[in-house]
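The values are calculated or read from the model by the stated rules, or taken from the named source; none is laboratory data. Computed from a predicted model, the values in this text were never measured in an experiment. When we count neighbours, we look across all protein chains shown, and the Cβ atoms used for this are built from the backbone with ideal geometry, even at glycine. Keep in mind that these areas ignore ligands, DNA and RNA; they rest on the heavy atoms of the full protein, side chains included. Shrake-Rupley method; radii C 1.70, N 1.55, O 1.52, S 1.80 Å.
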Amino acid sequence: MGEVFLQSLITGVTVGSAYALVGLGFAIIFNASDVVNFAQGEFVMIGAMSAVSLLAVGLPFVVAIGFALLITVAIGMMLEKFAIEPAKSATVVSTIIITIGASIFLRGAALLIWGKNFHSLPAFSGEIPIHLGSATLTPQSLWVMGVTALMVLLVRSFFKRTVTGKAILACSANPMAASLMGIPVRRMMLFSYGLSAFLGGVAGVLIAPIAFTSYDAGMMLGLKGFAAAILGGLGNPMGAVAGGVVLGVLESLGAGLISSGYKDAIAFIILLLVLFFKPQGLFGRAGSDRV
Amino acid sequence: MALFLETNNLTKTFGGVAAIFKLSFAMGQGTVFSVIGPNGAGKTTLFNLLSGIYRPSSGQIHFRGQDLVGLSPHEISHIGISRTFQTPQIFFNMSVLENCLVGCHRHGVTGFVAAALHLPRAVSEAKRMREMAMENLAFCGLDHLADRDSDALPYGELKRLELARALSTQPRLLLMDEPAAGLNDSETKEMGALISRLCETGVSVMLVEHNMALVMAISHRLLVLNHGEYLAEGSPEQIQSNPKVIEAYLGSGDESDG
Amino acid sequence: MRRYGGFLVLVALVVLAPIVFPGNYFVTVVGVTIAFNALIAVGLNLLMGYTGQISLGHAAFFGIGAYSSGLLTTLMGWNAWLALLAGLLAAWLVAEMIARPILRLKGHYLAMATLGFGIIINILMVQPTHITGGPDGLADIPTLTLFGWAIDSDIRWYGVATGVMLLGVWLALNLINSRIGLALRAVHGSEVGAQMMGVDIERIKVRVFVVSALFAALAGSLFAHQQGFISPDSFSFHFSIELVVMVVLGGMASTYGAVFGAAVLTLLPETLVVFEEYEVLILGAIMMGIMIFLPQGLWVSLSQKVKQIIASNRSTTNPSAIS
Ligand SMILES: Nc1ncnc2c1ncn2[C@@H]1O[C@H](COP(=O)(O)OP(=O)(O)O)[C@@H](O)[C@H]1O
Ligand SMILES: [Mg+2]
């Protein structure tokens, strides 16, 4: 029992790290533009698939990953430029439909480029597992957790310490005031989308050696990332990170206890329970509408 | 006999800050009763409490002997209280007449099944409501605009539409939150006349308004709030000469030109 | 009776199509699918278009109807009509149960909750393989019999499916033009405003959610019998999204628009078979394009254009009509 628990915990934190990165991307975009970007999961897929292709044409590993991330960032910015910006005054429902449309569009494009086959990346530093009792920890899991932690810290200090980071926060608090203060709001938007695409791409590259990737791998990851963001309280970046890890762990514990086929169901049941009983998220504060 | 409307130690706090604090007052039937006070004094909050949108942190509200605390807005509407809003809550996806027809909602009984099957009683009920709504539009001088889209209406007419819609619920008490805000002089006069006429037809009006000329002209009694607390109450003449009021509110000057 | 003019046109189209194009694949085969999709879209439109409450999980109710009919007739040997009623009842119960907590949410939260609900129900179709047949689906569902008359040909199914769809459209039109319809639209316009007018918004949202679930479940039951085979793929998140697109194409808050949207979106992959692999891409592009360039929807934008043209013709032929 104890070992099952430990193994689930390891798996859960690994997968949860990917959710955390996607959730963090959600939170950044939501903060900057009040848009919930349903295409977030596609960044994960694009990062992973591009890395696979670039590696296949013979680029060195690090270079392939670098370019894959660049491609993902470019697509994130194009999404902002060509789909979000033109629909500035759209309602919540319209932006939901636009970003779902974007996600389907990107998936369709991936299908044309890469076909329906499954792909994977080689592990970053070998496959020799580390034994902890009867549970095992792969080196790739360590990469996932380590890089995620690093990303989270970087993003955190970016928003706390840099001028650009603070400017983005100002845009989210009050775009009108921010633009009056001379902050280029549109450029900050573009930057936010680029940043969250980058985080999604990183997640994709990190987990591609563990989970197979294919043109439609982004959807479920995106939804889980969204769930993570809501668990953490929509618009709370560090909450989204915590929400991702919590979701990953609960899901893999549940899968161990019940059946792995119900893994996704467990994640969404948790999400519904949180939405019903604590809609401001596990770590958020309640707000109220004004009339 | 029970009082028309009465509050007792009514308090509403937001995160520890009181927007309304231990407020007790009574309003008589058939009057225009105005609530005045500087911005942020808690007037809108008071309306939200009376109309069930907020639940009091403590204290009581009684309307014709009935306890209102804990009732939801639609229940309060059925008891005979309606309101207009500081920022008009028009149904912009509907025509002028349709807005008013929603006001008639509480007089109808047609449910999903009768409506979907287009039963004769649903049809005759709809016809009755249409007449009622048209009457109220006419009362507010909007009957010629009945089929217009409400989002095409100028601001002054939106304010009157909100009034017509609230009247369609046939309230005993109508709460009006800044009905003249954003109106020009002649529109303000019309609105004042409308409110007075309304009161003559037997609807009691509680009014929040910054335009002091209007308030003093049409109110029977005034309640003055300051920082959520009771400051004074009395007839327009008494309030105008009350030193506490002059100091807290009228004295600060420029509120009255809205 | 002006408002039923459109309905008569729709009836005429439905009746004339198989007469003018007898045995045409697009009429008697695709037409049946269009009718089912239109029925669901008209119901969803009541919830989404008129009441303003998004649902990204309505494929679940379609599936509940389909699996109730499929399972009860094949495994338990129930009469198909009883199974259909049971499917409606099941959808009703599920909708009633989740509607209250779900519809208290708004905007993104509502979208996420309905989406999660849809995915959970879809997983419940896939996982208990020994009951539902799992991802392979459920086969050998018998066809329907109406007064001893087996509905076993394309044209008979066309009659049943479009008949039920027209009934659904008629009910929806009546509902929207009633006291209830006004209240639903008021909820969309301003929730506090509607409450202050005496509308019990929580209750009416639950009711319209249930109605839309019943429309979908009815379509699901008929779909199961018509196809004879169902699998979880037909009731996935992807189909929920397609339903939303049908409503959006129709311009939200237009019943005929929802029928139009269902027709367009059902015909699209059929006419694009040459570009089969582009289907996903095109669906995504349509969703973005419509929302960015025609936020009113294709149907509403088109019908406004038509009205303008008619109006300008009138004013040129009859100068006294200028107002
Ligand atoms: N929903 C709310 N949440 C937090 N504070 C509120 C809320 N509604 C009102 N307040 C506060 O209560 C006080 C009174 O506001 P309000 O009733 O709108 O004043 P008035 O209508 O007299 O201008 C203000 O300080 C306002 O910030
Ligand atoms: Mg106010």
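Below, the figures for the structure above:
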{"quantity": "Built amide H within the under 5 Å cut-off of B:Leu175, gap 5+", "calculated": "B:Ser82, B:Arg83, B:Thr84, B:Met206"}
{"quantity": "Student exercise, the protein assembly as shown dipole from Lys, Arg, Asp, Glu Cβ charges, in Debye to nearest 20", "calculated": "480 debye"}
{"quantity": "The range B:224-235 - phi-based ³J(HN,Hα) in whole Hz, Karplus 6.51/-1.76/1.60, Gly and Pro as x", "calculated": "10, 9, 9, 6, x, 10, 4, 10, 6, 8, x, 6"}
{"quantity": "For the protein assembly as shown, with +1 on Lys and Arg beta carbons and -1 on Asp and Glu, the positive-most of C:Leu173, C:Ser312, B:Gly42 along the dipole", "calculated": "B:Gly42"}
{"quantity": "Residue-level accessible surface for C:Ser236, protein heavy atoms, 1.4 Å, Å²", "calculated": "30 Å²"}
{"quantity": "Shape call, the protein assembly as shown: gyration tensor on alpha carbons, a/c limit 1.5", "calculated": "oblate"}
{"quantity": "Rounded accessible area per residue of the protein assembly as shown, 1.4 Å, Å²", "calculated": "42 Å²"}
{"quantity": "Protection-proxy order for peptides B:112-118, A:37-43, each taking the mean of Cβ atoms within 10 Å per residue, highest first", "calculated": "A:37-43, B:112-118"}
{"quantity": "Solvent-accessible surface (1.4 angstrom probe) belonging to A:Val245, in square angstrom, nearest 10", "calculated": "50 Å²"}
{"quantity": "Förster radius 35 Å - calculated FRET efficiency between C:Leu93 and A:Thr91 (Cβ-Cβ, nearest 0.05)", "calculated": "0.65"}
{"quantity": "3J(HN,Hα) from dihedral phi, the range B:188-196, Karplus parametrisation 6.51/-1.76/1.60, rounded to Hz, x for glycine, proline", "calculated": "5, 4, 4, 4, x, 5, 4, 5, 4"}
{"quantity": "Selection from B:Gly111, B:Ser72, B:Leu10 lying farthest towards where the dipole of the range B:1-140 points positive, charges on Cβ", "calculated": "B:Leu10"}
{"quantity": "Beta bridges per DSSP with both ends in chain B, % antiparallel, nearest 5", "calculated": "55 percent"}
{"quantity": "Stretch gain in nm, segment A:Phe158-A:Met78, where the contour uses 0.36 nm per residue and the Cα spacing is subtracted", "calculated": "26.5 nm"}
{"quantity": "Under the Karplus curve 6.51 cos²θ - 1.76 cosθ + 1.60, θ = phi - 60°, whole-Hz ³J(HN,Hα) for the range C:235-252, x wherever Gly or Pro sits", "calculated": "10, 7, 3, 4, 6, 4, 5, 4, 4, 4, 5, 4, 5, 5, 4, x, x, 6"}
{"quantity": "Cut-off under 5 Å, modelled amide H: who pairs with B:Leu119 long-range", "calculated": "none"}
{"quantity": "Candidate lysines for bridging to B:Lys22, where Cα separation is under 21 Å - those fewer than 8 sequence places away on the same chain excluded", "calculated": "B:Lys12, B:Lys43, B:Lys244"}
{"quantity": "Accessible area buried, both sides summed, chains A and C with 1.4 Å probe, Å²", "calculated": "3600 Å²"}
{"quantity": "R0 of 51 Å, Cβ-Cβ distance B:Arg121-A:Arg186: FRET efficiency to nearest 0.05", "calculated": "0.35"}
{"quantity": "Residues of type aspartates and glutamates that B:Lys159 reaches as a straight line, Cα spacing below 15 Å, ignoring anything fewer than 8 places off in the same chain", "calculated": "B:Asp143, B:Asp149, B:Asp151, B:Asp177, B:Glu178, B:Asp185, B:Glu187, B:Glu190, B:Glu209"}
{"quantity": "Residue order for C:Glu191, C:Glu96, B:Glu209 - accessible surface, 1.4 angstrom probe, largest first", "calculated": "C:Glu96, C:Glu191, B:Glu209"}
{"quantity": "Lysine-lysine proximity count for chain A, Cα under 27 Å, sequence distance 8 or more or distinct chains", "calculated": "11"}
{"quantity": "Total accessible area lost when B and C pair, probe 1.4 Å, Å² to nearest 100", "calculated": "2700 Å²"}
{"quantity": "Share of carbon and sulfur in the accessible heavy-atom surface of chain C [1.4 Å probe, %]", "calculated": "66 percent"}
{"quantity": "Whole-percent carbon and sulfur share, accessible surface of the range B:92-181, 1.4 Å", "calculated": "54 percent"}
{"quantity": "Protein-protein interface of the range A:266-282, residues with accessible area decrease of at least 10 Å², isolated chain reference, 1.4 Å probe", "calculated": "A:Phe268, A:Ile269, A:Leu271, A:Leu272, A:Leu275, A:Phe276, A:Pro279"}
{"quantity": "FRET efficiency, A:Lys278 to A:Leu6 (Cβ-Cβ, R0 41 Å, nearest 0.05)", "calculated": "0.90"}
